[in-house]
Amino acid sequence: MSESTVEKHDFGAEVGRLLDLVVHALYSEREIFLRELVANAADATDRRRFEALTQAELAPPEGAKVRIEANKAARTLTITDDGIGMSHDEMMQNLGTIARSGTKAFGDALSNAKAEDRPSLIGQFGVGFYSAFMVADLVEVTSRKAGTSEAWLWSSEGRGQFTMAHSERAEAGTTIVLHLKSDADEYLEPMRIETVVRKWADHITIPVMVAQEGEAEDSKANEGTALWRKSKSEISEEEYAEFYRHVAHAWDKPWATIHWRAEGAIEFSALLFIPGMKPFDAVEQERVSKLRLHVRRMFITDEAELLPAWLRFVQGVVDTEDLPLNVSREMLQATPVLTKIRKAVTNRVITELKTRSKDAEEYAKFWGNFGAVLKEGVWEDNDHRADLAPLLRFASSTVTGLVSLPEYVERMKDGQEAIYYLAGDSAETLAHSAQLEGFRARGVEVLLLEDSIDAFWPERLPEFEGKKIVSVTQGEADLSKIEAPALEGEVADTEALLSALKTALGELVSDVRTTDRLVESAVVLAAKAGPDLQMQRLMKRAGRANFGAAPVLEINPRHKLVAGLVARLAGGGSVEEPAHMLFDLARLQDGDLPKDPAGFARRVESALLSGF
Ligand code: ADP
Ligand code: MG
């Protein structure tokens, strides 16, 4: 081939740095390069099978496998698969840039992780391929995409550049040739290779064959028994954990391992995991379950949405006999078999959460990671809302730690008719909110809600065990039937003041009224009937400025400031300026900016001046 047909490319600066990180930080665990390359080969074969569901001619050959062959004389290690292959552009994209997360995120995660956890970070950040450079000083990838006739050779010494050239390959698939470094001799030994494959890739369901020197027959290095098909007693905790890391691209220990076989009308095996950590890219994650569907052990798809979106953090495999191997995408949507499986799997996860919620400390770990996701179910899932309600946990104004709705109801005061909550951006700030004063004075517990979703779900869960769930900022909370401590201060006659304030504030408020839920503060805002204040705040941030009616300004008739204003009004003075100040003060108390920040500053200044 002439020089001119070879394209030279630079890796992005990111890739260069990444290669350094991978090669140096993971040196002591470098055998995992083999796990990464075998996993890629297996993934590629899975993908080819999936494409073949709609394009039969793309089906992988009978006996598709991953083959590993060492050549001692040439000092090469070759990994071949019958997978989907890559086109020219896909090779450029997949092997020349960083796909999922940036180098910086990866570097940070590496330096924060314990040494033994580092190897799995590679898989999680989608940079597994580059681990080949831990053992090789030249890597050549020849690939032909299924359904095309053109093959390409990607080649790199891992030092900033790679080349692309036309090549030949008899069938679709990918061949990776590693030219081993002088200190990587061990990977020329078939025994060593088999040990590594067995350790890391035993659960991979396609055969991983290792060529034996001087022998015609390869030997099969992985058992290939789908782990989920074994009985629980045959599986060690470590095997479960390793499989979890494989399916979830994770490196922690699962918080829950749920493994069962359903027999009866529908038969399936399921092995599910609830992660022990929030994934790094939680924000980027699609709102859809990626549970893997297998049919008779063969991977079919991770797009069957086997769990509702609010359980998307659950990872794992469902394997059934009750679908044909050539199940089509349309069938995935419509078949009653899957509907039944979905229902059973969802219920099983809920049962697990119910059981595990009895251990408050353990459950709090789960809740911290995925509680906000679970709450989405209360909002959107009519069938499971009632099951989910007792699984919810909240910060509380009266106790430390997390509180459940049943616990709250049990502690309710005599005369208390509703479950009260206050939603905002942080429970810590909420705990000091003026909104809570009257509740605190009466010893009434208030749930403190700090996730964005908290502005939504209460609308769909209006009561629990017959008790209304009410936002303290929404309408008039009725505290009159609850025994109140004697409050200090005379109640001022506020009638004239209320109407004067209302006139002064105009459209800024829906109403001005007195309240008995304040103790120390002079004023507080409440929402008129409709969306609560936090909901309005979120909508505003989302660009919907006029969501909900103007708030109600509530004043504390026992407060000195209020008495002072009553006197001022009676003496013929104006409350125009103080009205705006009080309104903005009430906004500030809730963590919002004054409606008119410059005006507020001017008013505070002049008030200070007149006081000095
Ligand atoms: P990940 O597997 O997490 O995506 P890798 O760095 O291991 O990250 O691989 C990058 C990408 O390169 C893969 O997503 C895949 O698209 C492509 N790739 C790697 N190896 C193969 C292969 N053997 N066959 C087909 N595509 C491959
Ligand atoms: Mg990979």
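The values are calculated or read from the model by the stated rules, or taken from the named source; none is laboratory data. If you're wondering where the values come from, they're calculated on a predicted model, not measured in any experiment. All Cβ positions, even for glycine, are placed from backbone atoms using ideal geometry, and neighbour counts span all protein chains on display. Protein only, heavy atoms only, side chains kept; ligands, DNA and RNA dropped before computing areas. Shrake-Rupley method; radii C 1.70, N 1.55, O 1.52, S 1.80 Å.
Tabulated data
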{"quantity": "Area accessible to solvent at residue 528, 1.4 Å probe radius, in Å²", "calculated": "100 Å²"}
{"quantity": "In degrees, nearest ten, helix 32-52 long axis to first principal axis of the chain (Cα)", "calculated": "90 degrees"}
{"quantity": "Cut-off 12 Å (backbone N to label point 7 Å along Cα→Cβ of residue 5), residues of the stretch 146-165", "calculated": "151-153, 165"}
{"quantity": "Stretchable slack from residue 159 to residue 356, in nm (0.36 nm times residue separation minus alpha-carbon distance)", "calculated": "65.9 nm"}
{"quantity": "17 Å Cα-Cα reach of residue 65 towards lysines, excluding residues that sit fewer than 8 places from it in its own chain", "calculated": "145, 220"}
{"quantity": "P(r), alpha carbons of the chain - 10 Å bins starting at zero, rounded %", "calculated": "3, 14, 20, 18, 14, 12, 10, 7, 3, 1, 0, 0"}
{"quantity": "In the stretch 227-367, lysine pairs closer than 24 Å at Cα, eight or more apart or cross-chain", "calculated": "27"}
{"quantity": "Linear extension gain, residue 90 paired with residue 171, 0.36 nm per residue minus alpha-carbon span", "calculated": "27.4 nm"}
{"quantity": "Amide proton proximity set for residue 294, modelled H, under 5 Å, gap of 5+", "calculated": "300, 318, 319, 320"}
{"quantity": "Overall form of the stretch 3-220 per C-alpha gyration tensor (a/c, 1.5; a/b vs b/c)", "calculated": "rounded"}
{"quantity": "Mean Cβ neighbour count within 10 Å, used as a protection proxy, ranking 353-362, 407-416, 371-380 highest first", "calculated": "371-380, 407-416, 353-362"}
{"quantity": "Candidate lysines for bridging to residue 595, where Cα separation is under 28 Å - those fewer than 8 sequence places away on the same chain excluded", "calculated": "502, 528, 540, 560"}
{"quantity": "Relative packing of peptides 202-208, 502-508 - highest average C-beta neighbours within 10 Å first", "calculated": "202-208, 502-508"}
{"quantity": "Spherically averaged projected area of the stretch 227-367 from its Cα convex hull (nm²)", "calculated": "8.6 nm²"}
{"quantity": "Cα gyration tensor of the stretch 210-300 - equivalent ellipsoid semi-axes, whole Å, descending", "calculated": "28, 20, 15"}
{"quantity": "Residue-span extension gain [residue 496 to residue 97] - 0.36 nm each, minus C-alpha spacing", "calculated": "136.6 nm"}
{"quantity": "Hz values of 3J(HN,Hα) by residue in the stretch 504-518 - Karplus curve (6.51, -1.76, 1.60), Gly and Pro given as x", "calculated": "5, 8, x, 6, 5, 10, 7, 6, 10, 8, 8, 9, 9, 9, 9"}
{"quantity": "Distance between modelled label sites at residue 347 and residue 429, nm, 7 Å Cα→Cβ extension", "calculated": "4.3 nm"}
{"quantity": "Degrees, to the nearest 10: 336-356 long Cα axis against longest axis of the chain", "calculated": "60 degrees"}
{"quantity": "FRET efficiency, residue 574 to residue 545 (Cβ-Cβ, R0 35 Å, nearest 0.05)", "calculated": "0.70"}
{"quantity": "The chain: angle of helix 13-25 to the longest principal axis, Cα-based, in degrees nearest 10", "calculated": "80 degrees"}
{"quantity": "Mean Cβ count within 10 Å, highest first, over the residues of peptides 592-602, 436-446", "calculated": "436-446, 592-602"}
{"quantity": "FRET efficiency, 1/(1 + (r/R0)^6) with R0 25 Å, evaluated for residue 219 and residue 115 via beta carbons", "calculated": "0.20"}
{"quantity": "Sequence-distant residues sharing a close amide H with residue 393 (under 5 Å, placed H)", "calculated": "none"}
{"quantity": "Relative contact order [Cα under 8 Å, 6+ residues apart], the stretch 162-274, whole percent", "calculated": "15 percent"}
{"quantity": "The stretch 3-220: relative contact order in percent, alpha carbon pairs under 8 Å with at least 6 residues between", "calculated": "30 percent"}
{"quantity": "Residue 138 long-range amide H proximity, modeled H, under 5 Å", "calculated": "179"}
{"quantity": "Residue-wise HN-Hα coupling along the stretch 581-588, computed from phi with Karplus coefficients 6.51, -1.76, 1.60 (Hz; x: Gly, Pro)", "calculated": "5, 5, 4, 5, 4, 4, 5, 4"}
{"quantity": "Percent of Cα pairs exceeding the 20 Å cut-off, where the set is the stretch 385-452", "calculated": "25 percent"}
{"quantity": "For the stretch 484-580: rounded, prolate or oblate by the Cα gyration tensor [a/c cutoff 1.5]", "calculated": "oblate"}
